[in-house]
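Enquirer: Just dropping this structure here.
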Amino acid sequence: MAVFIPWKQIFKAGAKVPSGATLELVSGSTISIAGTLTATGKVAAAHLANDAVETAKIKDANVTTAKLVDAGVTPPKTKTKAAIALADADATLTAAQMVDSGVFTITPTIARTLTTDTAANLVAAMPGYQIGTWFDIIIVCLAAFAVTLAGGVGITIVGNAVVNNDSGTWRARFDSASAVTLYRM
């Protein structure tokens, strides 16, 4: 003869189930176990009613590339970055420099223009990017001459694009695969 024990008594900390006891759940009942469930001694049999296990229904359980990318991108703002000392000349800031370093210093002797790489190259330098992904760049002008930031193809600059004996920070936001906007901070 099987011994039936109310399930609330079984799942108290340190509770012991007598040998030969049967645990029976009524349809719709739920048991949650946090930690480890251990059986000691000899377990003769385990049986699932109707041999069926129902899985939890998760809202929006579809796996998409965007979800994987969102979970897997290491934001450039958290990477270790090194400052890049630019020569006293007009220059193009490469996508790799912008994404991986992001800090540029220049000591100009006349007005200079620094042009960003193209939006397409920035996208290529940022594997797993998605619309809304962003990173910052900083330009430090170490002399009293204007340094102007100009956008390459597909780049829009919003706000003052000039630094003069000062520094400026821009947040680059991916708008699409062919468009990036740099916002002056």
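Enquirer: What is the calculated FRET efficiency for THR169 to THR92, with r their C-beta to C-beta distance and R₀ = 25 Å, to the nearest 0.05?
Expert: So the FRET efficiency works out to roughly 0.80.
Enquirer: Would you mind computing, in nm to one decimal, how far apart the modelled labels at ALA120 and SER176 are, each placed 7 Å from Cα along Cα→Cβ?
Expert: 1.4
Enquirer: Which loop-located trypsin sites (Lys or Arg not before Pro) does segment 76-182 contain, where loop means any DSSP state but H, G, I, E or B and the Cβ has at most 14 other Cβ atoms within 10 Å?
Expert: Counting only loop positions with at most 14 other Cβ atoms within 10 Å, the trypsin sites (Lys or Arg not before Pro) in segment 76-182 are LYS79.
Enquirer: Output the peptides 164-170, 117-123, 92-98 sorted from most to least packed, where packing is the average of other Cβ atoms within 10 Å over each peptide's residues.
Expert: Per-residue Cβ counts within 10 Å, averaged per peptide and sorted highest first, yield 117-123, 92-98, 164-170.
Bear in mind these aren't lab numbers, they're just calculated from the coordinates by the rules spelled out. Predicted, not measured: the structure shown is a model, and the values here were computed from it. Cβ coordinates were reconstructed from backbone atoms using ideal geometry, including for glycine residues, and neighbour counts include every protein chain displayed.
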